[in-house]
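One structure is given here, and the rest of the page talks about it.
Every number in this text was worked out from the coordinates using simple rules, so none of it is lab data. These numbers come from a predicted model, not from an experiment. Quick reminder, even Gly has a Cβ in these numbers, built from the backbone with ideal geometry, and neighbours come from all protein chains shown.
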Amino acid sequence: MIIGILQTGHLPEEIQATNGNIDVVFQRLLDGRGYEFRVFRVVDMDFPTSPGDADGWLITGSKHGAYEDLPWIPRLEAFIREIRDAARPLVGICFGHQIIAQALGGKVEKFSGGWMVGRQSYDFDGKTVDLNAWHQDQVTVLPEGAQVLGSSASCENAMVAYGDRIFTVQAHPEFGPELVQGLITHRGEGVLSDDLLADARVGLSKPVDNPALADRLAAVLEKGTAT
């Protein structure tokens with residue numbers, strides 16, 4: 001099975017030196033399932049020709065906002081709608097979660113409660129799921145037909161399905177403690193509050209449910225079972 005990764009950002013070079021770029025991190029998350037990966041760096045205007053270029057699609061996170069005036073964002077939104085219309089499976093993470101909502105008629109804004117950084121707990125299918133997060137933007141208005149599957153007190157629309165073939169997650173199931181520590185050092189310090197970063201450091205030693213979310217992403221990509 002061919003998974004097309006639509007890469008919408010780059011990790012800091014210091015993190016890439018030990019973890020690889022964001023496409024590599026996702027390949028590691030989904031390793032062992034027999035997938036072949038094709039990477040399209042849409043953030044650098046490298047786009048597929050059609051939804052048929054892969055059997056399933058994944059949109060990564062990004063330092064950019066879905067509402068920014070960047071030339072690749074409208075083109076990505078159009079391609080998202082093409083994927084939907086072609087009934088190809090699609091999953092989106094963080095920025096991917098947001099841009100899919102925006103492309104399908106929703107709204108993305110900076111959250112009035114500020115940043116979500118480090119380990120967060122979500123109610124997902126009636127169970128508590130812990131995942132690392134790194135975002136201020138959130139989906140504040142859902143597109144018509146969207147179904148919320150996961151939420152928290154600080155992120156109402158944390159996991160969303162659009163029918164059976166599209167599933168999106170605001171948090172980062174691909175982020176382990178080493179990567180979060182790298183973001184604290186190279187993107188957080190001097191930008192985010194000391195208290196927020198201190199809380200994120202405490203969470204580094206606690207477990208997260210990345211494998212369970214990897215299984216869910218795989219189920220959507222392979223079987224179209226978002227709900």
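Descriptive notes on the structure:
- Here, the range 32-167 has an Rg and a Dmax of 14.8, 42 Å when only alpha carbons are counted.
- Residues within the reach of a label modelled at residue 212 (point 7 angstrom out along Cα to beta-carbon, backbone nitrogen below 15 Å), restricted to the range 159-191, are 159, 171-174.
- Equivalent ellipsoid, the range 149-223 (semi-axes from 5 times Cα gyration tensor eigenvalues, Å): 28, 14, 11
- For q = 0.14, 0.15, 0.18 Å⁻¹, Debye-computed log10 I/I(0) when each Cα of the chain counts as one equal scatterer: -0.82, -0.96, -1.47
- Phi to ³J(HN,Hα) by Karplus 6.51 cos²θ - 1.76 cosθ + 1.60 over the range 207-220, Hz, x for Gly, Pro: x, 10, 9, 4, x, 5, 6, 4, 4, 5, 4, 5, 5, 5
- Karplus-derived 3J(HN,Hα) values for the range 162-176, using 6.51 cos²θ - 1.76 cosθ + 1.60 with θ = phi - 60°, are 10, x, 9, 10, 10, 9, 9, 9, 6, 7, 10, x, 8, 8, x Hz; glycine and proline are entered as x.
- Computed from the C-beta positions of residue 45 and residue 219 and an R0 of 30 Å, the FRET efficiency is 0.40 to the nearest 0.05.
- Debye-formula intensities of the range 1-99, expressed as log10 I(q)/I(0) at q = 0.16, 0.19, 0.20, 0.23 Å⁻¹, are -0.64, -0.90, -1.00, -1.30 (one equal scatterer per alpha-carbon, no solvent).
- The order of 31, 69, 137, going from fewest to most other C-beta atoms within 10 Å of their C-beta, is 69, 31, 137.
- Report summary: the helix-based calculation at 222 nm, which adds -39500 (n - 2.57) for every DSSP H run with n ≥ 4 and divides by the residues of the chain, gives -9000 deg cm²/dmol.
- Folded to 0 to 90 degrees: helix 194-203 orientation relative to the chain principal axis, Cα: 70 degrees
- Computed from the C-beta positions of residue 123 and residue 227, the FRET efficiency with R₀ = 22 Å rounds to 0.90.
- Maximal additional length on extending the residue 82-residue 107 stretch stands at 7.1 nm, based on 0.36 nm per residue less the C-alpha distance.
- Kirkwood radius, the range 70-148, all distinct C-alpha pairs, inverse of mean reciprocal distance: 13.9 Å.
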